[in-house]
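Asks: Got a structure for you, questions after.
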Amino acid sequence: MVASGWPFSRRWVVADMVLTRLNTDIDSHAINRIMPDGAPYRSLSSKSVTCLSKNHGVDGRDVEIAALQQQVMPERYVRNRNTLSLEDQIRLLKSCVAVVGLGGLGGAVTELLARTGIGSLKLIDGDRFEDSNLNRQILASHNSLHQSKAEMARHRVREINESVRVSAFQDFLTDSNGLELLAGADVGVDCLDTLPGRFILERVARTLEIPMISAALAGMFAQITTIFPEDPGLKQIYGDPRDAPEKGAETHLGTLAPAAMLAASLEAAEVIRVILNRKEILRNRLLVVDLFTSQMEVMQLNGNDQKS
Amino acid sequence: MNPSIQLRLYASLNRFSPRDGADYPIQSGISIQELAIDLHIPLDQVKLIFIDGQRETLETRLHGGERVALFPPVGGG
């Protein structure tokens, strides 16, 4: 017992020394600045984060967490204040979110979460970009046609926030690979485009005991809900998974950019609220938006199995 | 005076909307299923039913004054 204890305590001492050196370096890189509302703060530039990350052999997000813990604000997140507190930002940086499906919803969700400062992202899609994606998918461009959606999403995250730890998987989610692909995620985001796929993600999220945020669109209409492992979930929206069709109203109405971007924004905002344990989340509720009539309403799903 | 409801048909069901959906006259006691048939909405397209923001079923009956929202399955991404 005593003999097996020493390597661990030694590792702790080493980790402690690394952290102390990192903290000292953060302090020397930080500069004094003033918030738009006049409040003074200590700021760490994104260039300094990259430099310290390389020098200390740690991820950028680890540098940012260490900075925030000593009240130094990574400048890239300064406009997140004060809607997000330093503690909120640390919590987001320590979180891992799996984005499943990287099309109209998932591309924009990835962009929004990376910019907000979610520390780790798992990006999952086996598909490649094609012409019909160009009307709404933020990662679809002439240069990305025929390229892997997962790879392009990973590339985009590296471009906008290299502090984020990214894993990209060029695989479609299945019941057999789901647990492996989502292992370690704190939240799953359903950005898929088939009903059976959505039910697969729900099963995986239940097994991993993590919450899942689900959005879907058709034409200029979008809907979003949040499902915790113990909730009735998607069957309240789509009925029995065994009877669920492959696709819904989008086969007739298509999928338009404003609905895709709005639904992605709603999902990203819900991810943040769920990670931060905010009260007004969409659990057992369905937010519906019709962009032709500018109507937005929250419906109660009840959790009543007789109505599933 | 006949009772009426506020009827909203979403996404692909929108094309079945009556002109007077904002103040749609009904017979008191009519079920959602009977209402959908009257409006020529295929029943297999009515996936979600909300009355005054609460989820209900095809069998739920209306008496006037309700806000009724019907949705098809929606799965695009």
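The values are calculated or read from the model by the stated rules, or taken from the named source; none is laboratory data. Here the structure is a predicted model, which means the values were calculated and not measured. Every residue, glycine among them, receives a Cβ derived from its backbone with ideal geometry; neighbour counts consider all protein chains shown. To get the accessible areas, we keep the full protein, side chains included, count just its heavy atoms, and leave off ligands, DNA and RNA. Shrake-Rupley method; radii C 1.70, N 1.55, O 1.52, S 1.80 Å.
Asks: Only one of (1) in contact with a Leu (Cβ under 8 Å, 6 or more places away or on another chain); (2) more than 14 Å from chain B (Cβ to nearest Cβ) fails for A:GLN147. Which number is that?
Replies: The number of the failed condition is (1).
Asks: Find the residue count for the stretch A:194-206, including only residues that are crowded, with 23+ Cβ neighbours inside 10 Å, away from every other protein chain (no Cβ under 14 Å) and more than 15 Å from A:VAL274 (Cβ to Cβ).
Replies: 1
Asks: Looking at A:ARG158, is it free of Cβ contacts under 8 Å to residues at least 12 places away in the same chain, within 15 Å of the chain's Cα centre (by Cα) and within 24 Å of A:THR116 (Cα to Cα)?
Replies: Here the answer is yes, as A:ARG158 does meet what is asked.
Asks: Hey, can you tell me all the residues within the stretch A:297-308 that are surrounded by fewer than 19 Cβ atoms within 10 Å (Cβ to Cβ) and at pLDDT 95 or above?
Replies: Passing the criteria: A:GLU297, A:VAL298, A:GLN300.
Asks: I've got another one for you. Can you go through A:ALA150, A:ALA114, A:ALA168, A:ALA185 and tell me which one is assigned by TED's automatic domain parsing to the domain that holds A:GLY254, small (Gly, Ala, Ser), in a helix (DSSP H, G or I) and in contact with a strand residue (DSSP E or B) (Cβ under 6 Å, 6 or more places away or on another chain)?
Replies: A:ALA150
Asks: When you scan the stretch A:222-242, do you find a residue that is open to solvent by 10 Å² or more (accessible area, probe 1.4 Å), under 19 Å from A:LEU123 (Cβ atoms), out of contact with any strand residue (DSSP E or B) (no Cβ under 7 Å at 6 or more places or on another chain) and within 11 Å of another protein chain (Cβ to nearest Cβ), even just one?
Replies: The answer is no, given that none of the residues of the stretch A:222-242 is open to solvent by 10 Å² or more (accessible area, probe 1.4 Å), under 19 Å from A:LEU123 (Cβ atoms), out of contact with any strand residue (DSSP E or B) (no Cβ under 7 Å at 6 or more places or on another chain) and within 11 Å of another protein chain (Cβ to nearest Cβ).
Asks: Would you be able to tell me the number of residues in the stretch B:1-41 that are in contact with a helix residue (DSSP H, G or I) (Cβ under 8 Å, 6 or more places away or on another chain), within 14 Å of chain A (Cβ to nearest Cβ) and on the phi < 0 side of the Ramachandran plot?
Replies: Number of matching residues: 7.
Asks: Among the numbered conditions (1) surrounded by fewer than 22 Cβ atoms within 10 Å (Cβ to Cβ); (2) closer than 30 Å to A:ARG285 by Cβ, tell me where A:CYS191 comes up short.
Replies: For A:CYS191, the exception is condition (1).
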